[in-house]
Amino acid sequence: MTSKELLEKIVSILDEKKAEDIVAIETAGITIVADYFVIASATSNPHVKALADDVEDELAKLGVFASHIEGRATGWILLDFNDVIVHVFLNESREYYNLEHLWADANRVDISHLITE
C-alpha cells in the first residue's frame, strides 16, 4: 500500500466513524518524519479513543500496524503509521495545539472525494 493509499484509507475510516473537520497535510519534502499528517476532531474523549481504535483495528485487518501510539488517556491521540501520522483531537486540544498553523507551509491534500456529507 502506498502512503497515498494509506492516507485515503485512514480518511475514509475517520469519516465513516463520524470524525469532524478532517484535514490531510502533505509533509513529504518538509520533514523526514512522514509523508502525510491526518488531523481530525472528535466530540468527546470516548469519541477520540473510538476513532483511534477504529483506525488501528481496520488497518490491522489489512496488515498495517502502527509503529507508535501516544496519548491514550488524553484529548489527543497520535497514531504513527510511518508514512502517515494520524492526530485525533478533542476540539479544544486541536485549537490549542493548532497543528494546521504549525505546518502552514505544507500543502493540504484534497480529500473532498473521500468525505461524505
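The values are calculated or read from the model by the stated rules, or taken from the named source; none is laboratory data. Treat the numbers as computed from the prediction; the structure is a model and nothing was measured. Please note: Cβ atoms are built from the backbone with ideal geometry, for glycine as well, and neighbour counts cover all protein chains shown. Side chains are part of the model used for accessible areas, which takes the heavy atoms of the whole protein and leaves out ligands, DNA and RNA. Shrake-Rupley method; radii C 1.70, N 1.55, O 1.52, S 1.80 Å.
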Roughly to the nearest percent, how much of the accessible area of the chain is carbon and sulfur, given a 1.4 Å probe? 49 percent
Using 7 Å Cα-to-Cβ label points, what is the ARG72/LEU99 separation (nm, one decimal)? 1.9 nm
Taking N as the number of residues in the chain, what is its alpha-carbon radius of gyration divided by 2.2 N^0.38 Å? 0.95
Straight-line reach check, LYS18, cutoff 17 Å on alpha carbons, 8 or more apart in-chain or any other chain, hits among lysines -> LYS9, LYS49
Sparse-neighbourhood loop sites, trypsin sites (Lys or Arg not before Pro) in region 30-117 - DSSP loop, at most 12 other Cβ within 10 angstrom: ARG72
Find how many whole Å separate the alpha carbon centroid of region 1-58 from the alpha carbon centroid of region 103-117. 11 Å
How big is the antiparallel share of DSSP beta bridges in region 40-117, given as a percent to the nearest 5? 75 percent
